[in-house]
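Here is the structure we will look at.
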Amino acid sequence: YRQRSMRFVPGGVEIVIEQPRERIVCPNCQSTRIILKGKTTRRFLAPPMGRKRVTIVFDVPRIECRRCWALQQVAVPFARPRRRHIRALERYALDLLRSMTCEDVAKHLGVSWGRIREIESEHLRRKYERPRLRDVTHIAVDEIAVRKGHQYMTVVLDLDSGRVIFVGDGRGGDALTPFWRRLRRSGAKILAVAADMSPAYAAAIEAALPEAIFVFDRFHLIKLFNEKLTALRRRLYRAMSDQGERSALKGARWILLKRRENLNPDSSEPQRLTKALESNADLAAAYFLKEELSEIWEQDEYDEAEAVLRDWIEFAESLDIKEMRDFANTLRRHAIGILAYYDCQITTGPLEGINNKIKTMKRQAYGFRDMEYFKLRILALHQARYALVG
């Protein structure tokens, strides 16, 4: 191309370019044996010069090829089909999106918010919509709430690379069906999966990946126990009539959930914990079980962990505490998946970190109405440039 003229217009500059006759070729067969059949004037937005808006004006030739007899306009490689801006503007806008919102970029470039969102969405779609699965061997599966009213998404993370490789609608086995299809086509061999104890997820994973090691996530188990411990504290508090005992339990929820070594002596947390445990024997026994629960995953061998788990269950079942007995039954039913940690030491911890990033991204954007765009942003989370801006 060559510049034919440049003229100043209100608010910007128009650069008129042309394509020399000898460089015009057929888009189909690249032949130079063509006949000109008119032209169509197109205007393309380009990156600004300082604060001036720049427009490129190009008379796109319409040709008839003497070799393949195609009758059409010549290709315009510096712009995507059916777009009114050049590729350089897209690259410039994407660079700005590293540290600016869509609205700020749109104001800076003097275009609509929708055009910047379209540029970003197309880029995310081209680069992240279908992540490579062939080399994936260890994955984590979890759900995240995206809207009020029990609306969820299912997220799958590649534990080796830290990439989100799938985002499905809803939760449970049906949400993973498209992922299983893509996984089979990719030829990937999944060695291990980490997930919570959701029956729907467990059934879907075992059906789709019967040879993979299925590990029940330790952090979900500890979270479940903490919920049981909180429920016990509340039940005991309601049953107490002595004001001294009630005051010992009031406000002690987070102190009971902390590890003993993490208590803050400056806030008298060790003393408050001792007072709470002395107020009720059942609460003291439950707290002892909480401290011992993490020992299941801190043994050197499978057999040692199995013995610790068995002793923990037997002690919990011997107590006359409904919450502890219920949790012991849960551990007994899922013992194989819990001890599978020693076959492949993976957890959903990295995925919990991704979920926190998703929540931060959603909060900074004041929510997402376009769920497809939201999914693309989640798939691009491992790239720092799209982690928290947009």
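The values are calculated or read from the model by the stated rules, or taken from the named source; none is laboratory data. Keep in mind the model is a prediction, meaning the values are calculated, not measured. In this analysis, Cβ positions are derived from the backbone assuming ideal geometry, glycine residues included, and neighbour counts consider all displayed protein chains. SASA here: full protein model, heavy atoms, side chains in, ligands and nucleic acids out. Shrake-Rupley method; radii C 1.70, N 1.55, O 1.52, S 1.80 Å.
Key figures
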quantity: Residue among Phe225, Phe214 that is among the hydrophobic types (A, V, I, L, M, F, W, C) and farther than 16 Å from Leu283 by Cβ; calculated: Phe214
quantity: Subset tally (residues that are over 13 Å from Phe219 (Cβ atoms) and touching a residue at least 40 places away in the same chain (Cβ under 8 Å)) for region 346-358; calculated: 2
quantity: Any hit, region 86-107, residues being more than 24 Å from Glu118 (Cβ to Cβ) and surrounded by fewer than 16 Cβ atoms within 10 Å (Cβ to Cβ); calculated: no
quantity: Count - residues of region 13-26 that are over 26 Å from Lys52 (Cα atoms) and either surrounded by fewer than 14 Cβ atoms within 10 Å (Cβ to Cβ) or among the aliphatic types (A, V, I, L, M) (or both); calculated: 6
quantity: Among residues of region 330-349, those that are open to solvent by less than 70 Å² (accessible area, probe 1.4 Å) and in a helix (DSSP H, G or I), counted; calculated: 10
quantity: Within region 183-196, tally of residues that are open to solvent by 40 Å² or more (accessible area, probe 1.4 Å) and out of contact with any His (no Cβ under 7 Å at 6 or more places or on another chain); calculated: 4
quantity: Index of the failed condition, Pro210 passing every other in (1) loosely packed, with under 13 Cβ neighbours inside 10 Å; (2) part of a helix (DSSP H, G or I); (3) under 34 Å from the mean Cα position of the chain (by Cα); (4) not aromatic (Phe, Trp, Tyr); calculated: (2)
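Conditions tested, residue by residue: (1) touching a Leu at 6+ places or on another chain (Cβ under 8 Å); (2) farther than 30 Å from Ala380 by Cα; (3) of a type in the set (S, T, N, Q).
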{"site": "Arg2", "(1), (2), (3)": "no, yes, no"}
{"site": "Leu36", "(1), (2), (3)": "no, yes, no"}
{"site": "Pro48", "(1), (2), (3)": "yes, no, no"}
{"site": "Glu64", "(1), (2), (3)": "yes, yes, no"}
{"site": "Ser99", "(1), (2), (3)": "no, no, yes"}
{"site": "Glu103", "(1), (2), (3)": "no, no, no"}
